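The structure appears below as structure tokens.
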Ligand SMILES: [Zn+2]
């Protein structure tokens, strides 16, 4: 089942970084929606989601199944802003520990989880320096 992600009183925004492209506020897996809301609630960080099922991603990407999102801003600062590193790290840490996490890629943590198996994916880092990629397992 899919649903849209709650905006949690504006703590979650959906601004496409390509303004001519459609809004990324599209239905996603209810497990992914809950995962993202849980992390925003626990960390109290605000995020901008710049891609859900749209945009261009690798052929087999979870994005096309509504099971992945990309985040380009945390607390209104770019993910690759060095002044933002503590909050980006905190967000990634919470995401990587969530029970429904599938993939957590970004500047600090790069893992994929299948069932209870976590594999390190350091090769994903270079493509995720300016955004976080978060997917759910279902
Ligand atoms: Zn992505």
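The values are calculated or read from the model by the stated rules, or taken from the named source; none is laboratory data. Since this is a predicted model, take the numbers as computed values, not measurements. In this analysis, Cβ positions are derived from the backbone assuming ideal geometry, glycine residues included, and neighbour counts consider all displayed protein chains.
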Mind listing whichever residues of region 68-102 are within 14 Å of the ligand (Cβ to nearest atom) and either touching a residue at least 60 places away in the same chain (Cβ under 8 Å) or under 22 Å from residue 13 (Cβ atoms) (or both)?
68, 69, 70, 71, 72, 79, 92, 95, 101
If a residue has to be surrounded by fewer than 19 Cβ atoms within 10 Å (Cβ to Cβ) and outside any loop (DSSP other than H, G, I, E, B) to count, how many in region 45-71 make the cut?
2
Is at least one residue of region 80-89 surrounded by fewer than 22 Cβ atoms within 10 Å (Cβ to Cβ) and not in a helix (DSSP H, G or I)?
yes
Is there a residue being more than 13 Å from residue 71 (Cβ to Cβ), loosely packed, with under 15 Cβ neighbours inside 10 Å and in contact (Cβ under 8 Å) with a residue 60 or more places away in the chain anywhere in region 131-138?
yes
For residues in region 20-37 being farther than 13 Å from residue 49 by Cα and not in a strand (DSSP E or B), which is nearest to the chain's Cα centre (by Cα)?
35
Return the pairs, sorted by first residue and then second, in which the second residue is modelled with pLDDT of 95 or more and away from the ligand (no atom under 16 Å from the Cβ), the first residue lies in region 104-124 and is more than 17 Å from residue 69 (Cβ to Cβ) and part of a loop (DSSP other than H, G, I, E, B), the beta carbons are less than 8 Å apart, and the residues are 6+ apart or on different chains.
108/85; 108/89; 108/93
